[in-house]
Each structure stands twice: as C-alpha cells, then as structure tokens.
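Comments concern the structure below.
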Amino acid sequence: MNFAQAMLLAVVEGITEYLPVSSTGHMILTSWIMGINHDEFVKDYTVMVQFGAILAVVVLFWRRFLLNFRVYPMVFLAFLPAAVIGLAVNKYIDILLGSAWVVAITLFAGGVVLALTDKWLRNHKVRVSQIESIPLVSAVKIGFFQCLAFIPGMSRSAATIWGGLFEGLSLAHATEFSFFLAVPTLSAATLWKARKIYPHITHEQWSILLWGNIVSFIIGGLAIRSFVQFITRYGLKYFGYYRIVVGLLVIIALSMGHEIEFL
C-alpha cells in the first residue's frame, strides 16, 4: 500500500465511519478495488485510521460531550458489551473480516432495514427526551445493539441508532448518542490494535498512519455535520437504498467468480 492509496482509504473512513453504511465494509471493498487487500498492514491500518474520526467527534462536540459529565455513565454502560464481547470473539472477527460474502449480505440486509426504518418512525413514540435521561438499562441494551457491528458490513452507526430508537430516543438523539459511543469503542479498538502491531511497525508505516488520521479527522468532521443535516431533512431511507445497491453489486461480482479477499 503506497501513500496515495492509504490517504484514499482514510477519506473512505472519514466519510463512512459515522454514516450507517459500514466503514469497514467500504474499506474492504476499496482495498480490493485498489488491489491491496493482500497487504498485511492494510487491515491494521483500517482499524487505526479510525482514531482521526474519533477526534472529530471530540472536537465538534467538546461542550456537549466532554464537558457534559451527565452522559458519561450512559456512554460507559453502552460501551461495556462491546468491550467484553469484543475480547471474547476477537479471533472470529478477524475471520469474518476476510469474507466478502459476509460484507455483501450484511450490506444488503442492513439496507433493507434502513429503508424500512423511516416508515417505522412515523409511529415511533419518543419516550426519552434527552440523552442525559437515558435509563441505565437502556444504555446497556444500546450497547448490545452496537455489538452487531462486529459483523463486517453491518455498520456500528446503524446498529447503535437502531438501538437508540428501540429504547425510545428520537432519531436526532439516537444519532448523537451513536457519535458519543464511538469515542470509547473506537479508541479501545485502536489502542488494542496499536499494542499488537507496535513491535514490528516501521517508521514509514507510522508516518502513513499519522497522515491517514489527519485526513480521516478532517473528512470525518465534515461528514458528521453533513449527516446530521441530511437525516434531519430526509431520514435514513436513502442510506438504505445505497446499501442495497452496493450489496447487490458485490453479490453479483462474487457470483461471477470475482475473488474479494482481505487478509
């Protein structure tokens, strides 16, 4: 993977991390299209380049999140299921990351659910008026929804938004809580991966990671603001339509014998 390819992956990460379309799935497909999916460093990079997108949330929501200590218990409890289950199934996650069929099917299935979500929202009753009022039990339940994102192509953002909606949040608050929950979840994943690769990563690779995170920070910040404005006006259905199309295209490619592998 050269510098330009790494920066393109960072752009894809920044755009897709907070959209309900699966950043992991898109980076797997982008890596395959560029022919770098067999590069061992690519999988490590796709995890660690998330850190820039995390910082985008911290910067954009520094007052609403960092200085709002009332949301910390909810975020912590929602983070716990992913932390515990993630450690338990870590090896299986790596296996799933190598399956293009898993990405294709979950992109398609998640797209169908997203396309139907807006219809369900017409009769959705908001029971929680603000994030600070989320019951602690509901926070844990949202955390279990987030664990669906261990399946490549599912989307952490989509899973946590669905969890928030089922627990009575409005779409706007469910989306905002999804942003906040990304901070500990993605930070933990990044630090865990950094610990594993630190002994053998090269100086050039550190440089690529640094610039990749700068790019994902900038693009991620722009994507967050655009996403909030978009769902406020149009809802989630268009993301669902997009996922269905991409999922079908990948399924067709695989059915025609194209091999999409990711080490």
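Among residues belonging to the range 112-132 that are out of contact with any Leu (no Cβ under 8 Å at 6 or more places or on another chain) and under 28 Å from ALA188 (Cβ atoms), point out the one that is surrounded by the most Cβ atoms within 10 Å (Cβ to Cβ).
By that ranking, first place goes to VAL113.
Can you find, within the range 155-190, the residue that is farthest from ARG63 (Cα to Cα) among those that are in a helix (DSSP H, G or I) and among the charged types (D, E, K, R)?
Looking only at the range 155-190, we keep the residues that are in a helix (DSSP H, G or I), and these are 156-166, 171-190.
Now drop any that are not among the charged types (D, E, K, R), which leaves 156, 176.
Values: ARG156: 24, GLU176: 13 Å.
Across the range 155-190, the extreme among qualifying residues is ARG156.
List the number of the failed condition for SER207; all other conditions in (1) touching a Phe, Trp or Tyr at 6+ places or on another chain (Cβ under 9 Å); (2) open to solvent by less than 30 Å² (accessible area, probe 1.4 Å) hold.
Condition (2) is where SER207 drops out.
Considering only the range 223-244, I want to know if a residue exists there that is under 22 Å from MET34 (Cα atoms) and part of a helix (DSSP H, G or I).
yes
All but one of (1) open to solvent by less than 10 Å² (accessible area, probe 1.4 Å); (2) assigned to a helix (DSSP H, G or I); (3) not β-branched (Val, Ile, Thr) hold for LYS193; which doesn't?
LYS193 satisfies all of (1) open to solvent by less than 10 Å² (accessible area, probe 1.4 Å); (2) assigned to a helix (DSSP H, G or I); (3) not β-branched (Val, Ile, Thr) except (1).
Give GLY221, GLY247 a once-over and let me know the one that is open to solvent by less than 50 Å² (accessible area, probe 1.4 Å), more than 30 Å from TYR72 (Cβ to Cβ) and at pLDDT 90 or above.
Values: GLY221 fails: more than 30 Å from TYR72 (Cβ to Cβ).
So the residue among GLY221, GLY247 that is open to solvent by less than 50 Å² (accessible area, probe 1.4 Å), more than 30 Å from TYR72 (Cβ to Cβ) and at pLDDT 90 or above is GLY247.
Give ALA109, ALA88 a once-over and let me know the one that is more than 30 Å from PHE41 (Cβ to Cβ) and either at pLDDT 80 or above or not acidic (Asp, Glu) (or both). I'd like the intermediate steps shown before the answer.
Details: ALA88 fails: more than 30 Å from PHE41 (Cβ to Cβ).
On inspection, the qualifying residue turns out to be ALA109.
For the range 27-42, enumerate the residues that are at pLDDT 80 or above and open to solvent by less than 30 Å² (accessible area, probe 1.4 Å).
Answer for the range 27-42, where residues must be at pLDDT 80 or above and open to solvent by less than 30 Å² (accessible area, probe 1.4 Å): MET27, ILE28, LEU29, THR30, SER31, ILE36, PHE41, VAL42.
Among the listed residues VAL228, VAL215, which satisfies the condition of being of a type outside the set (Phe, Trp, Tyr), farther than 30 Å from ARG70 by Cα and either crowded, with 17+ Cβ neighbours inside 10 Å or touching a residue at least 24 places away in the same chain (Cβ under 8 Å) (or both)? Step through it out loud before you land on a result.
Numbers: VAL228 fails: farther than 30 Å from ARG70 by Cα.
After ruling out the rest, the residue left standing is VAL215.
Would you confirm whether any residue within the range 256-263 is open to solvent by 70 Å² or more (accessible area, probe 1.4 Å), at pLDDT 85 or above and more than 14 Å from the chain's Cα centre (by Cα)?
no
Considering (1) open to solvent by 50 Å² or more (accessible area, probe 1.4 Å); (2) in contact (Cβ under 8 Å) with a residue 12 or more places away in the chain, say which one TYR18 fails and leave the rest.
(1)
Looking at the range 133-145, is at least one residue open to solvent by 30 Å² or more (accessible area, probe 1.4 Å), part of a helix (DSSP H, G or I), under 30 Å from LEU116 (Cβ atoms) and basic (Lys, Arg)?
yes
The values are calculated or read from the model by the stated rules, or taken from the named source; none is laboratory data. Keep in mind the model is a prediction, meaning the values are calculated, not measured. Quick reminder, even Gly has a Cβ in these numbers, built from the backbone with ideal geometry, and neighbours come from all protein chains shown. For the accessible areas, the whole protein counts, side chains as well, though only heavy atoms, and no ligand, DNA or RNA atoms are used. Shrake-Rupley method; radii C 1.70, N 1.55, O 1.52, S 1.80 Å.
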